[in-house]
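Please treat every number below as a calculation from the coordinates, not as lab data. Computed from a predicted structure; not experimentally measured. Cβ sites come from the backbone with ideal geometry, for glycine too, and all protein chains shown count toward neighbours.
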Amino acid sequence: MRDPYEVLGVPRDASDEEIKKAYRALAKKYHPDLNPGDKEAEKRMKEINDAYDRIKSGQTGDTGGGAYQQQQSYGSGGYDPFGGYNPFGGFYGWQQQERREAPDEPTELRAARNYINAGHYQEALHVLSTVEKRDARWYYLSALANSGAGSRILALDHARRAVQLDPDEPTYQQLLYQLENVGRAYQQFGRGYDMTGGGAGKVCMGLCLANLLCRLLGGYGGIYCC
Amino acid sequence: MFGYVIARRDALGPEEVRRYRGCYCGLCRALGDQGRRCRFTLTYDLAFLALLESSLYEPPERAGARRCLPHPLRPQPFWRTEATDYAAAMNVLLSYEKLLDDRRDDGSLRARLLAPLLRAPAERAARAWPRQAEAVRSALGRLADLERAQTGDLDAAAASFGALMAELFVWRRDRWEEPLRALGDGLGRYIYTLDALLDLGEDREKGRYNPLSAAAGDVTPQRFRPALEMLLGGAAQAFETLPLVQDVSILRNVLYSGVWTAFPKKEGRT
């Protein structure tokens, strides 16, 4: 397979912007709408798309990953091996570890663990809800199950609780680290942008009655036209 | 929607302000094409959608400058594309379904008065974009069910709104569908969660439903900041995989800075 940077015609240390510009220029040139019935253009378009996807997902075929990967730092996310775009997909690799059982593990927790390993998160959550004693292990499994079920906020909260209750357990720390990584990636992407709260409170964008009536009666909008 | 997806103006250069403002005015004009009365539904959130889709697909732009009621003297420059028309249709669709929802909910006077006015243009938009219309209806329906059940399941409610936004962000079903869906989903979850946080005090006072009412401990926006960053992280990871060049600095301003505009400055009242 050709080197993706070569396909896009950019150097290996190309910036994010250079890669995107190069991709767009080529995509415009070989777009099927502009080259109807042209098999060669179709092939080129596919090659260009593949090259772009490979650079974006870090599958550039070299160990260094190119300068691009170093800038991007995607955290746990990216294109997951199951083919879908899933920034929270970092867990799949972990399930292997979950097979380990503690000898004194209560039946419910073991059942929840098995459900999580099998990807049956709702069942895991159901079993967990029947457990009264909520220790670090419970919060850890709950975090895993919630994350799998798409309950991101609760997953983060419970991972934090597990670490609070048992700060020395590395698997709990690892899970928390991984969940927090998505937020860390956000901060990294947004370096240089002002992320402090503006304190503007709820922004009323034209749903106040007075404005509404004014607009309705006038028949013209855009009161908030900047 | 809620008006949270806006740019932080003071961090934009003059040319960026011109583009952003032009996009917003373009959306207002596109809304006017769907029916004059549609213009009152104008939101910044949907201007972001117009800006994003215009950047991704770069459809031909039409630009001009026109006077309007709020600016009767100085003609306002605007630009619009086919993506602006799409965003306008989504704006009408969302506003109408929300009004119907409010009307069912508490028979609010505002909703009863305004819903009939939007009916015809909203039905046109729904015929043109059936997938999106269905997504809006089913998500608002799910939210209503959760509200009736008085659930404290913040994730489920946020995910419903995320699903709605995910569908709206997919204008054309092509190779960008998945990242667009993830971007819409993350932003939608963020918007819903932030709104629940900011409304909590008032909702408690008035005895209105809020998924955070049952939450243990002191519910402050600051406590939820890491969760909000995580939700936006999902959106940002998807955003950064899109090959966006045109207006990308404005889009990043919104996603990394502007979305925090309504967030309280520091620890304080909820």
- Task: Would you mind giving the mean number of other chain beta-carbons within 10 Å of the Cβ of each residue in A:146-158, as a whole number?
- Result: 5
- Describe numerically, in nm with one decimal, the distance between label points set 7 Å from Cα along Cα→Cβ at B:T151 and at B:D218. 3.0 nm
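Based on the Cα atoms of segment B:42-183, what semi-axes does the equivalent ellipsoid have, where each is the square root of 5 times one gyration tensor eigenvalue, given in whole Å with the largest first?
On the way: eigenvalues 162, 93, 33 Å².
Each semi-axis is √(5λ); the values are 28, 22, 13 Å.
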- Query: Scanning chain B for helices, which whole DSSP H stretches are 15 Å or more long along the axis (Cα) and average -1.0 or more by Kyte-Doolittle?
  - Reply: B:14-33, B:44-57, B:82-106, B:109-128, B:130-148, B:154-169, B:177-206, B:225-241
- Message: If the reach is capped at under 30 angstrom between alpha carbons, list the lysines near A:K43, excluding any in the same chain fewer than eight residues apart.
- Response: A:K20, A:K21, A:K28, A:K29, A:K56
- Quick one: grab the alpha carbon gyration tensor of segment A:140-190, order the square roots of its eigenvalues as a ≥ b ≥ c, and give me rounded if a/c is under 1.5, else prolate or oblate depending on whether a/b is larger than b/c. oblate
- Exercise: per-residue mean of other protein chain Cβ atoms within 10 Å, B:35-46: 5
- Query: Packing-wise, with mean Cβ within 10 Å as the measure, how do B:45-52, B:149-156, A:109-116 rank, highest first?
  - Reply: B:45-52, A:109-116, B:149-156
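On average, how many beta carbons from a partner chain sit within 10 Å of the beta carbon of a residue in B:152-161? Could the numbers behind the result be given before it?
Values: counts 0, 3, 5, 9, 4, 0, 4, 5, 0, 0.
For this peptide, the per-residue mean of nearby foreign Cβ atoms is 3.
Roughly how many debye, to the nearest 20, is the charge dipole of segment B:169-238 about its Cα centre, given +1 on each Lys and Arg Cβ, -1 on each Asp and Glu Cβ, and no other charges? Kindly include the intermediate steps, with their values, before the conclusion.
On the way: 10 positive and 11 negative charges, 33 e Å.
Dipole magnitude for segment B:169-238 comes out near 160 debye.
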- Item | Reach of B:K98 by Cα under 26 Å, taken over lysines that are not fewer than 8 positions away in the same chain | A:K202, B:K206
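What's the ranking of B:249-257, A:133-141 by average number of surrounding C-beta atoms within 10 Å, highest first? All intermediate terms of the calculation are to be shown ahead of the outcome.
On the way: B:249-257: 22.1, A:133-141: 18.9.
Final packing ranking: B:249-257, A:133-141.
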- Item | Those aspartates and glutamates that a straight Cα-Cα span of less than 20 Å connects to A:K39, excepting residues fewer than 8 apart in one chain | A:E47, A:D50, B:D174
- Tell me, how many Å apart are the Cα centres for segment B:1-29 and for segment B:226-270? 15 Å
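Viscosity 1.306 mPa s, temperature 10 °C: what is the translational diffusion coefficient of segment B:121-228 from Stokes-Einstein with a Kirkwood Rh over Cα pairs, rounded to a whole number of µm²/s? Kindly include the intermediate steps, with their values, before the conclusion.
On the way: Rh = 14.9 Å.
Result for D is 106 µm²/s.
Which FRET efficiency, nearest 0.05, do A:Q59 and A:Q173 yield, Cβ-Cβ r, R0 25 Å?
Details: r = 29 Å, r/R0 = 1.15.
It comes out at approximately 0.30.
Just the ratio, please: alpha-carbon radius of gyration of chain B over 2.2 N^0.38 Å, N its number of residues.
Numbers: Rg = 18.4 Å, N = 270, 2.2 N^0.38 = 18.5 Å.
It is 0.99.
Pull out a ≥ b ≥ c, the square roots of the eigenvalues of the alpha-carbon gyration tensor of segment B:75-129, then state rounded if a/c is under 1.5, prolate if not and a/b is larger than b/c, and oblate in the remaining case.
prolate
Could you work out the Rg to Rh ratio of segment B:30-72, with Rh taken as the Kirkwood radius (inverse of the mean 1/r over all Cα pairs)? Don't jump to the answer; show the numbers that get you there.
Numbers: Rg = 12.2 Å, Rh = 12.1 Å.
Here the Rg-to-Rh quotient is 1.00.
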